[in-house]
Every structure is written in C-alpha cells, then in structure tokens.
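Since every read-out is calculated from the coordinates, none of them should be taken as a lab result. Everything numeric in this text was worked out from a predicted model, so none of it was measured. Note that each Cβ is placed from the backbone with ideal geometry, even for glycine, and that neighbours are counted across all protein chains shown.
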DNA sequence: CTGAAAGCGCTTACAG
DNA sequence: CTGAAAGCGCTTACAG
C-alpha cells in the first residue's frame, strides 16, 4: 500500500475510492445499468477526477470478444487497383488480430451491377459487426445502408463518398480535385490549342462511375480556368480488344492531327499507352490514374507522362482501423477523410510503394 | 476438455503436449536456458509443429516490461520540418503505450554541431532501450553508434543513411533521386539554355549536410543527362536577414538576366520565394523541398512551382514502430527503407497532410 | 442493485 | 533443471 508506485489508476483503485466493488465500476464504465443513482454519481465523479483510461490490452484479453468485419469490394487479379486496396485491408487485419478482429472479403464484379446486387443479397443473411464498402454502385449502396442502420452495424465508405448515408467515415480522394491535378499535369506541357483524347472504357450496362464523372468535371473545370482552346475527343475503348481500340484511335488521330494530349479517368491508361507505344506517337502526352502494375511499367518506360494516385492501401488500412477503433475503443474517426492526391513521374515512381500503410 | 474449441494454441497446451509445466515452456520460448536437452528438444519440436504464436497482449500485460526509447533530433518551432517528424513520433508513441513504450525527445540545434556533441555527452549517461537518430551530423553519429553497439542498444536512422553503421533500420528518401525529381520538375518547364539560381543557407561552421550534397548531385546528374546548357549560380543566403538576401539576389539577377529557374536543396525555399514575390519576378520557376508551413503557403500562392517532400511524419512513425516491433516481438524490419518521394503542386497540396502516418 | 471469484494467456519470483 | 502459484487489469457468470 505504502510503496504502491502505480502510475496508472486501475479499476480496483476506482472501486476502492468509490467504496464499491470492481464489478459495479465495470457496470458504470460500460453503461450496463443496474447501478443505484448514488453509486453511479459517485463512481462517475471518481472516474472523471482521476481521468480514468482503461487498459485496452487487459480488456481485450479478459473479454475474449471477437469482431467480424466485412470488406465489400471488387474482385481483382494481382497487379490491379483493388489488389493494392486489399493489401491495406490485410495489413490492418494483421494489426487488429490483437483485438480479435477478423475481416471477411466479399467481392463483386465491378463491371456487372447484378453481381453487386446478388452480393448484397448474401450480406443480408450474414452476421457481422462492421463493414467497409467500396461505393462503385452508389445507387444500390444507399438503400443497403438503411438496413445496416436498422441493424446498428457501422460501415465505412471507400472510393467515393455518399454524404446522404449515415457512414461512420469515408476514406478516398476528392475526385474533382484529382481531375484538376490530371489537367494540370497534362496542360503544363501542352499548347493551349492542342486537342486531347479522353479514353473511355465501354462495358455492359455501366453508365460510368461517380468517380469518373467527378474527375472529368474537375479536369474540365481546370481547362476552362486556364484558357484551354482545344477540343476533347472521346474514344470508346474496350478492356480486351486491342485491335478494335487500335482502329478507333487510328481514325481519331487521322481526323484530328492536332491531338497532342491524352487522358483516362480510371486506372486503364495502359490501354492508351500501349497504343501510343505501338504507333510510336512519342509526341502525345498521356496522363492517367493509379499505380497499377501495367500503368507503372508504362510510366517507367516514358510512354505515360504522369500518373495520379490515391493510396488505395492507405484507404483499405484506414477504413479497417477506423472500424476497429470504433468497435474496440468507442473512438469515432473523422467523417470525411480526403486522402492525399499523389503525383508520380518516371523519376519518383520507383519508391512509391515503399510506405504501404 | 471435449468441447475445447480453442482455435489458438496456448502455452498450457504446449506444456501438456510436451509433458512439462508452463514455466519450462516459457524458458524455452525465451531462450532463458536452464532446461534439459531432452525437454528443450521436445518442446521445440511441439512449438514448431503447432506453429506457436504467442499472444503478445497477454505477454505485455503479464510482464509489465517497460521500454524507453529516445528520439535524437533537431529542435524545432511549430510549422518547421522537424515538427512534422515529431508528429509521427507522437503518433507511434500513442500506439505503443499498449506495450509500455515511451519515447523521450533529445533535441539539438541543427545549425550548431557543438550542441550535438554535448547532447551525445548527455546520452552517454542515460539508460534507454533503443534510439531513433537523425543523422545530420554523420561524422559524430558514427562513433557514438559504436558505443551503442557495445551497450547492445538498437538504433534506427532517419534523414540520411550511414551504411557503415550497424543500424537496425533506416527510414528516409534517396537524396540523390530526390535531387533528380527536383531537376525534372524545374527543367520540364524551362528552356534548356536558361540559368538557375541555387539558394544556399550559410551558417556557422556547417559544411552542408549529406543530404544537401546528395540532392545536388542528383540534380546535376539529371541536368547533364538532359542536355541542360545553362549555368548554376550559387546564392549565399541567410536564415534571418531578408535585406542582405535581397541585395545578394538583386545583384545576381542583374548580372545574369537569363536566370529563369531557382532551387534550394533544403527546406528553406520560402526565402527565395519571398524574394521572387517581393520583386514580382513571376517568370522564375522555383522548386524546393518539404511541405513546411511557409513553403506550403508559397506553393498555394503560386510563387513556388513545386515542392518535393519526404513524409517526415511517416519517417518518425515508422522509426519508432520498427524499434517497438524489434523490442517487443523480436521482429526485425528491413534495413533500408527508402520512403516515397512526393511531388506537391498547387493543385494537390491541400490534401497532403491528410494521411499523417 | 451488488460483490466475490474465476478466468483471459502469459510472466515471474520462489521453493525445491 | 523443474513446477506450483500468484499476478498483470479487466470481464463475466453467478449467487445473493
């Protein structure tokens, strides 16, 4: 007692000070009720006075409480955008095992909205304590979150935000400003009168994502503000049809010889890059998004001028961690977390993936 | 026993399987010796077979082991480079309290080598379990680390690496390549024949840091590789003497009217920026390093063309975490961790500090 | 509404 | 060289 050199105050200390047992203190700390007005007030007073900080390690060890999260995200192959996102999820999961947290992946086909629909059907029958949701199909995410609200399950958005929803947090970039950054990178090195090709992937039944639209708006807004006088030409490209893309682009370049710039608003700029390299159109500046393997190679090769990136690993990591902190410690994250917009050139890309977190 | 649904195997389980007590298993796990050959072999075999993973939470709770780290770094005012670094240290510390880790800051004057010398004298009398060292005064760091080696104290370098030392890890950028990135950003928008001002801070007895020299070498190497034909002019500037700097630069610009670019290799480009803004020399492109407050303001204002940054918070954070993981879990980090080299323009700087980690 | 007691998985004296 | 027992700070039935 006399040589008690505890610097931290524990539940037993609180109990002693308030003249009750540890169980009663525990009830107050967790608002479990069943405590007399009098004890409640007294304990709360002590708690406040000593600025009690629970030892989360001990709590986790004692409670044995397990948390299951789900990550609702597009399926991916190695080297693709969502693979990086998943790496962030995995890293967070590795840290969170300490708190008995596990993350289940639920993947859909980002080019097929019905796959998302049926995934939601599956999720309706699953039990979980929190969710990370990639909001590619915003119209369907919104009603689903109403159900999660009703179930009292917290969820975090990534990719693009839907402010109308009751999300615990959002992690992603400002798509509009990421569009402006791409414009700056392209326009910096372009004659204001040059024309620009905008590569656009066409696939079954997708009207273009939120993100695509917002990036394009930011891009156009920058051009307008900087006296751009050229024209934008939209090229309808296909994911897996090089020959067809070649014909489309050949014609476009033939008809518009003043094209000197190119851009895509999703992560598929390697398609345009492949074309430019094949046709040896060195004079065309190309800017795109995301450091996926194929884009990175084209940047290093000097075919792509610049890439704009959004730290997918950080998005995955922080989304999971936000959920953990909320569930385990009751600590609420900031609602809107606009991540940095990264600029990659040939010179700095070798180091980009060295701080995956 | 029958409905034992433990998915994780604990020390008692190991003990039971090996037919010994938990204390003996503990001895083997921690190589404390005093175990018979026979038991040692048997227990190790079981450990291997079940792929035993200790519960670090329980370990930390039970051992009550405390770790003291020190961070040896330059003193700073708010908004300066090392303030960001310290923020990373603080964030890591907040996470590491779980493992009874605390970090003590030991600061020196980065413009005064004798202050570093006397700091080392202090450190010789201190007890600690690990150190993060900013290697600005490399010549003095090296002999000091021999002493740490002798004491068996692990240390991590930040800022610039000293490969000759026995460091646990290094976190920082490749200064050479960061120099090339600055050159690219400047040169991209410059006539190959234009002249460039290199701002250089002169202060008592500093011959220029490692980092400064390496960045300059990378910068020059890029220029050479890209047919730069202009000249570099070195301007000796002072930290706190605007009037003097003005005179120096006025003369330089008067004598060299073809100067169209400017660069600094440390975080003081706001000095040159202030001059360019005051004299309304809008035509001069300026590139510098580090997103400190004053630089960021000049970038947002359009006076600075681009900043090259090195994630000081991430350096601080990861340096501390590397030490924690090593001490607590015995997990060794990669030795050389070259951090990403970030590029900041007016358009993406607003979001840069949103993912401090 | 309340408290005594066991237990989370590991470590640490202590006695042999 | 070995093991029984207490304890880290918290939670959880359980009995009152």
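Odds and ends about this structure:
- Most simply put, chain A has about 5% antiparallel DSSP beta bridges, counting only bridges with both residues inside it.
- Gyration tensor verdict on segment B:175-309 (Cα atoms; rounded if a/c is under 1.5, prolate if a/b is larger than b/c, oblate otherwise): rounded
- Equivalent ellipsoid, the protein assembly as shown (semi-axes from 5 times Cα gyration tensor eigenvalues, Å): 47, 37, 24
- Taking label points 7 Å from Cα along the Cα-to-Cβ direction, residue B:191 and residue A:251 give a separation of 4.4 nm.
- Most simply put, segment A:175-309 has about 0% antiparallel DSSP beta bridges, counting only bridges with both residues inside it.
- Model label sites at residue B:231 and residue B:49, defined 7 Å from Cα along the beta-carbon direction, differ in position by 8.0 nm.
- FRET efficiency for residue A:224 and residue A:149, using Cβ-Cβ distance with R0 set to 51 Å, rounded to 0.05: 0.80
- Across segment A:294-353, the volume of the C-alpha convex hull divided among the residues equals 83 Å³ per residue.
- Computed [θ] at 222 nm, helices only, for the protein assembly as shown once each DSSP H run of length n ≥ 4 contributes -39500 (n - 2.57): -13500 deg cm²/dmol
- Compactness index (Cα Rg / 2.2 N^0.38 Å), segment B:11-54: 0.96
- You can think of it this way: the chain between residue B:142 and residue B:9 has 43.4 nm of extra reach, that is 0.36 nm per residue less the Cα-Cα gap.
- Cβ-derived FRET efficiency at R0 35 Å, residue B:334 paired with residue A:202, nearest 0.05: 0.25
- Shortest-first distances to equivalent copies, position residue A:58, nm, label 7 Å out along Cβ: 1.8
- Ranked for footprinting exposure by Cβ neighbours inside 10 Å, fewest first, B:202, B:35, B:197, B:287 give B:202, B:35, B:197, B:287.
- Estimated FRET transfer efficiency when R0 is 30 angstrom, pair residue A:243-residue A:213 (beta carbons, to 0.05): 0.55
- Only beta bridges with both residues in the protein assembly as shown are counted; by DSSP, about 5 percent of them are antiparallel.
- Overall shape of chain A was characterised from the C-alpha gyration tensor. The equivalent ellipsoid obtained from it has semi-axes of 51, 21, 17 Å, in decreasing order.
- Going from the fewest other Cβ atoms within 10 Å to the most, the residues A:129, B:161 appear in the order A:129, B:161.
- Sorting A:77, B:13 by the number of Cβ atoms found within 10 Å of their own Cβ, with the fewest placed first, yields A:77, B:13.
- Helix axis angle, A:242-255 relative to chain A longest principal axis, alpha carbon, degrees: 60 degrees
- Computed over Cα pairs, the Kirkwood radius of segment B:262-302 leads via Stokes-Einstein (1.567 mPa s, 4 °C) to a diffusion coefficient of 130 µm² per second.
- Per residue, the Cα convex hull of segment B:80-152 amounts to 88 Å³.
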